[in-house]
Amino acid sequence: MATNIVWHKSSVGKLHRQELLQQKGCVIWFTGLSGSGKSTLAYALCQALYSRGKLTYVLDGDNVRHGLNRNLAFKVEDRAENIRRIGEVAKLFADAGIICIASVISPYRKDRDACCALFPEGDFIKVFMDVPLQICEAKDPKGLYNFARAGKIKGFTGVDDPYEPSLNFEIVLPEKGNNITSPYEMAETVISYLEEKGYLRA
Ligand SMILES: Nc1ncnc2c1ncn2[C@@H]1O[C@H](COP(=O)(O)OS(=O)(=O)O)[C@@H](OP(=O)(O)O)[C@H]1O
Ligand SMILES: Nc1ncnc2c1ncn2[C@@H]1O[C@H](COP(=O)(O)OP(=O)(O)O)[C@@H](O)[C@H]1O
């Protein structure tokens, strides 16, 4: 633990940066099984917001594990630390006025809730990719479910490691009751939410 540290205030604050960017910093947190479409939707949303002149940054689990989190594996404590660090980085991006899009399995409710608690009310928007295991496994674009079933990967989420859903997701996709399943259309659903909550203006 670091001691004797004092927060240094800046004369340029989050409100100034938001005014500059004409948007509000926040986090959209995509959670769900491997293969549920988190990354595809995250980058579709990034593209759609870019087209509207909005600044985003995607923190994708796979990508962050190539650098900042390269020393972490998939046991419970490592996943918790992975999520904690991504939550803290997302907080910095949101403070910068950026719409941060996180795309991580984040299987444990406790870890997601701890990240949420870092943010002002409403600024941490949890989106659950509600895609059943059988569908994710049937796609298996990286062949990882195949390896997990063969016992070549231990502790694979959904196979021999848990995914804990929550009751308090702001958005669940695909939404029940409509036929919207394309990433582009689902991105529009998220954008409608952001517009309604005022995140796309300063
Ligand atoms: N054991 C195990 N369980 C789950 N996933 C595994 C595992 N080993 C490797 N992978 C690959 O790592 C990607 C998930 O990384 P995350 O950082 O999102 O995981 S976590 O939030 O810390 O649980 C995940 O990416 P996505 O498929 O995009 O979800 C996998 O490609
Ligand atoms: N909305 C969608 N409809 C159909 N296929 C999709 C959709 N989103 C993603 N996919 C496909 O599903 C697979 C997994 O998507 P991906 O975004 O990598 O998931 P995750 O990041 O959750 O592992 C990929 O082959 C991708 O092309």
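Please treat every number below as a calculation from the coordinates, not as lab data. Source: prediction; values computed, not measured. Glycine also receives a Cβ, built like all others from the backbone with ideal geometry; neighbour counts cover every protein chain displayed.
Which value in deg cm²/dmol, rounded to the nearest 500, describes the helix-derived mean residue ellipticity at 222 nm for the chain, given -39,500 (n - 2.57) per DSSP H run of n ≥ 4 and division by the residue count?
Helices in the chain give a 222 nm mean residue ellipticity of -12000 deg cm²/dmol.
Express in nm, to one decimal, how much length is gained between Glu175 and Ser11 on full extension, taking 0.36 nm for each residue of separation and deducting their alpha carbon distance.
My answer for the length gained is 54.8 nm.
Could you give the angle, 0 to 90 degrees to the nearest 10, between helix 38-51's Cα long axis and the longest principal axis of the Cα atoms of the chain?
Long axis of 38-51 versus the principal axis of the chain: about 30 degrees.
With the cut-off at 25 Å, tell me which of the pairs Lys176/Lys197; Lys54/Lys139; Lys38/Lys154; Lys139/Lys176; Lys91/Lys126; Lys14/Lys54 have Cα atoms farther apart than that.
As for pairs spanning more than 25 Å Cα to Cα, those are Lys54/Lys139.
For the stretch 1-22 and the stretch 129-178, what is the centre-to-centre distance using only Cα atoms, to the nearest Å?
38 Å
Under 20 Å from the 7 Å Cα→Cβ point of Asp95, by amide nitrogen: which residues of the stretch 61-78?
Under 20 Å, as judged by backbone N against the label point of Asp95, lie 68-69 of the stretch 61-78.
Loop-only trypsin sites (Lys or Arg not before Pro) in the stretch 48-152, please: DSSP not H, G, I, E or B, and at most 13 other Cβ atoms within 10 Å.
Arg52, Arg70, Lys75, Lys142, Lys152
Amide H of Tyr57 versus every other amide H placed in the peptide plane: which residues, excluding those fewer than 5 positions away on the same chain, fall under 5 Å?
Ile99, Cys100, Ile101
Quickly work out the Lys75-to-Phe147 label distance, labels modelled 7 Å from Cα along the C-beta direction, and quote it in nm with one decimal.
1.9 nm
Can you tally the net charge around Val12? Count Lys and Arg as +1, Asp and Glu as -1, for every other residue whose Cβ sits under 13 Å from the Cβ of Val12.
+1
For labels at Glu88 and Lys139 in the simple 7 Å Cα→Cβ model, what's the distance in nm?
3.2 nm
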